[in-house]
Amino acid sequence: MANSIQVLNHAADNIRILAASAVEKAKSGHPGGAMGGADFINVLYSEYLKYDPKNPEWVGRDRFFLDPGHMAPMLYSQLCLIGKFSLEELAQLRQWGSPTTGHPEFEIARGIENTSGPLGQGHVFAIGAAIAAKFLAAHTGNPTFAKETIYAYISDGGVQEEISQGGARIAAVLGLDNLIMFYDSNDIQLSTETKEVMTEDTAAKYRALGWEVIEIVGNDAAQIRCALDAAQKVEGKPTLIIGKCIMGKGALKADGTSYEANCKTHGAPLGGDAFINTVKNLGGDPENPFQIFDDVKELYANRAKELESICAERYAEEKAWAAANPEKAAAQADWFSGKAPKIDWSKCVQKDNDATRSASAACLSVLAEQVPNMICASADLSNSDKTDGFLKKTHAFTKGDFSGAFFQAGVAELTMACCCIGMALHGGVIPACGTFFVFSDYMKPAVRMAALMELPVKFIWTHDAFRVGEDGPTHEPVEQEAQIRLMEKLKNHSGKPSVLVLRPADAQETTAAWALAMENMATPSALILSRQNINNLPAGNDYSQAAKGGYIVAGSDENPDVILVATGSEVSTLVAGAELLRKDGKKVRIVSVPSEGLFRQQSKEYQQSVLPQGVKKFGLTAGLPVNLLGLVPEAEGSIWGLESFGFSAPYKVLDEKLGYTAENVYAQVNKLF
Ligand SMILES: Cc1ncc(C[n+]2csc(CCOP(=O)(O)OP(=O)(O)O)c2C)c(N)n1
Ligand SMILES: [Mg+2]
């Protein structure tokens, strides 16, 4: 680390020029923050971050998470200096088809672990990655994971977002000393100076939460270096480096006066003469600003050589470990392959007429035994959302002990979900997390990010309907299924439904649903499960058909007069209603549709064979009627659903009062004839 401060400053100026130029060319983007943070990212990449330039997927690499995704021009410029992006690509910032998108999610091959568009989530993804690294160190014994450092970069927006409280709490509770977070404290945000909305003592806040906090001048390379050195020595807690940075460092206005520390540079090109003056001020050529200075090229060529020997040493260690632990090494390779784990579901024994949340516990118990790289979490509801099925076979993480596989997240659903996403981004582990379905509302922003990034996080949501009963309307999910089913309709960039949503009809169908969720490594999966017991579907039901998303339940009549359609526990109510209808001589078919998204991926012939056009249909849903509108067209029948927030009463009373009974099914179906 003999780099002169002069060269480091020159490299930071190079990043500033590149970032400002990319935004200028795009006529869109955020130059100010990027220019302020350039010194930190440059010191990090030129002296600290350990990665293999030839092997971006190296499992033991350090990882850099950029919470303020709007500072992507800073990251792209940095990645140009290490050859991951070309200057031509940088000049195509934010254009159609360009790899330099606005707020890139992740692209490991190009050195992007993650940038977060929604402020706040990104640094909690980093916290999740740090948890994954601790887990892998404990569960493989591979020394490389204990040497891995997760770097997070956070800005004023991320600190202000509520999720920072949850993330900071968890990182401290778990003693994540493999996490170093840099806070770009530049006193400026999008529309105001921070002092107008923030008077807290952030250093004191993080110290109180249990972090090591170091305060420096964020544009001083020597201080950044000292802080990173100190942070690496900290044991038993995460470190926050608060760098006072200058927004738009080096920027000049059109009249040549300072354009630093100015809100206007947050989210707009510097513009015209201001841009020209700024590039000149930073030592660049305004006519040809997309250049890397010779001494900066040399700085990074030297770093590449250093990395070669650093990696050679680490690979040698890993090799020695693998030779001594061939089984573990094979397991590790499997875990990072992204392939679905092999599971023997015959070991999963279900009780008759059980609640699907309890059936899920039986599945989780099998998963805890058979999937050694699975991590299950709960937001303080493990005995209610029945993730305790998993917990009973392992133990929760504690500071210094990651030999278990359960993550008690505390009452912080968004934090929990983001940690799980971070684990998935890290790789090597399969995260799942549980809470009540109604609180999925607290997780939506993360579910959307998992869906966009095609990450196979498993979301377990129990207490799926108004039958939460006595807890009252605040706890009764009504519109939540409609919301999450929208994500089944929304396609990801690979053309698949962006989330696989499964609401199983009984205990056995829950096993089938969990099997589908575990096989699905291409998107997030969501399981929606009942609190109350549900009668088994009729004997002889072929549960393997759940894999088609929708299927004809056993005991259905040939050439039906009416088809009854539902998901989840309402299917059993239809079965009871069908008994009454048959007494009148009606022929009835019952269709269970745990996932309409999956059903719509089947052949048109199959869909028609299950729900033939022209046959009368009746749908029953404990959610909004719209849940079944795609399956029960208005012209062919009717849907009984809930159109209010629900009421407080024991669930059997609610079933009676709200019409979720065999008698009401009978009455409503008869209205169709
Ligand atoms: C959750 C969320 N809310 C709002 C925004 C829009 N937004 C982008 S940057 C920003 C201000 C951020 O200020 P700061 O983090 O200090 O960045 P700087 O201005 O220093 O670059 C806002 C409100 C966002 N990206 N995410
Ligand atoms: Mg700021």
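Side notes on the structure shown:
- Distance from the alpha carbon centroid of the stretch 69-129 to that of the stretch 591-630 works out to 41 angstrom.
- Near-label residues of the stretch 579-601 by backbone N, under 19 Å of a point 7 Å along Cα→Cβ of residue 673: 579-591
- q = 0.14, 0.18 Å⁻¹, the stretch 305-429: log10 I(q)/I(0) [Debye, one scatterer per Cα]: -0.76, -1.09
- For the stretch 18-125, GluC sites (Glu not before Pro) meeting the loop criterion (DSSP other than H, G, I, E, B) and having at most 10 other Cβ atoms within 10 Å: 57.
- Residue 65 contributes about 0 Å² of solvent-accessible surface, heavy atoms of the protein only, 1.4 Å probe.
- With a Förster radius of 45 Å applied to the C-beta separation of residue 352 and residue 108, the computed FRET efficiency comes to 0.45.
- For the stretch 257-267, putting each phi into the Karplus relation 6.51 cos²θ - 1.76 cosθ + 1.60 with θ = phi - 60° gives couplings of 7, 5, 10, 6, 6, 10, 3, 5, 7, 4, x Hz, in residue order, rounded to whole numbers and with x for Gly and Pro.
- For the stretch 180-190, 3J(HN,Hα) per residue [Karplus equation, 6.51 cos²θ - 1.76 cosθ + 1.60, θ = phi - 60°, Hz, x = Gly/Pro]: 10, 10, 9, 9, 7, 9, 10, 6, 10, 9, 5
- Between helix 72-81 and the chain: long-axis angle, C-alpha atoms, 0 to 90°, nearest 10: 60
- Rolling a 1.4 Å probe over the heavy atoms of the protein chains gives the chain an accessible area of 37 Å² per residue.
- Accessible area ranking (1.4 Å probe, heavy atoms, ligands and nucleic acids excluded), largest first, for 639, 276, 375: 276, 639, 375.
- Low-density loop positions, chymotrypsin sites (Phe, Trp or Tyr not before Pro), the stretch 75-176 - DSSP coil, at most 13 other Cβ in 10 Å: 96
- Taking a ≥ b ≥ c as the square roots of the eigenvalues of the Cα gyration tensor, the stretch 200-312 is oblate, since a/c reaches 1.5 or more and a/b is not larger than b/c.
- The relative contact order of the stretch 505-547, computed from alpha carbon pairs under 8 Å that lie at least 6 residues apart in sequence, is 63 percent.
- Dividing the helix sum by the residues of the chain, where each DSSP H run of 4 or more adds -39500 (n - 2.57), gives a mean residue ellipticity at 222 nm of -12000 deg cm²/dmol.
- As a fraction of the 1.4 Å probe accessible area of the stretch 252-320, surface on carbon and sulfur atoms comes out at 51 percent.
- Protein heavy-atom surface of the stretch 441-542, 1.4 angstrom probe: 53% of the accessible area is carbon and sulfur, with nucleic acids and ligands not counted.
- Candidate aspartates and glutamates for bridging to residue 351, where Cα separation is under 20 Å - those fewer than 8 sequence places away on the same chain excluded: 369, 385, 388, 464, 506, 509, 542, 570
- Counting only protein heavy atoms and using a 1.4 Å probe, the accessible area of residue 226 comes to about 90 Å².
- Helix axis angle, 221-233 relative to the chain longest principal axis, alpha carbon, degrees: 50
- 0 to 90° range, to nearest 10: angle between helix 507-519 axis and the chain longest Cα axis: 30
- Pairwise FRET efficiency - residue 606 versus residue 656, Cβ, R0 = 30 Å, nearest 0.05: 0.25
- With contacts taken as Cα pairs under 8 Å and at least 6 residues apart, the stretch 12-52 reaches a relative contact order of 44 percent.
- Amide proton proximity set for residue 564, modelled H, under 5 Å, gap of 5+: 589, 590, 591, 618
- Under 24 Å from the Cα of residue 244 - lysines, other chains or at least 8 residues apart: 195, 205, 233, 253, 264
- The shape of the stretch 421-543 comes out oblate: with a ≥ b ≥ c from the C-alpha gyration tensor, a/c is at least 1.5 while a/b does not beat b/c.
- Packing-based ranking, highest mean first, of 349-358, 239-248, 572-581, 649-658 given that Cβ atoms within 10 Å are counted: 239-248, 572-581, 349-358, 649-658
- Here the translational diffusion coefficient of the stretch 1-122 follows from Stokes-Einstein with Rh set to the Kirkwood radius across Cα pairs; for 10 °C and 1.306 mPa s it amounts to 110 µm²/s.
- Label-to-label distance, nm, for residues given as residue 522 and residue 489 (7 Å Cα→Cβ offset): 2.2
- Within the accessible area of the stretch 28-91 (1.4 Å probe), percent carbon and sulfur: 51
- With both labels modelled 7 Å from their Cα along Cα-to-Cβ, the residue 55 to residue 294 distance reads 3.5 nm.
- Quotient of Cα Rg and 2.2 N^0.38 Å for the chain, N being how many residues it contains: 1.06
The values are calculated or read from the model by the stated rules, or taken from the named source; none is laboratory data. Everything quoted here is computed from the prediction, not taken from an experiment. So basically every Cβ, Gly included, is an ideal-geometry build from the backbone, and we count neighbours across all protein chains shown. To get the accessible areas, we keep the full protein, side chains included, count just its heavy atoms, and leave off ligands, DNA and RNA. Shrake-Rupley method; radii C 1.70, N 1.55, O 1.52, S 1.80 Å.
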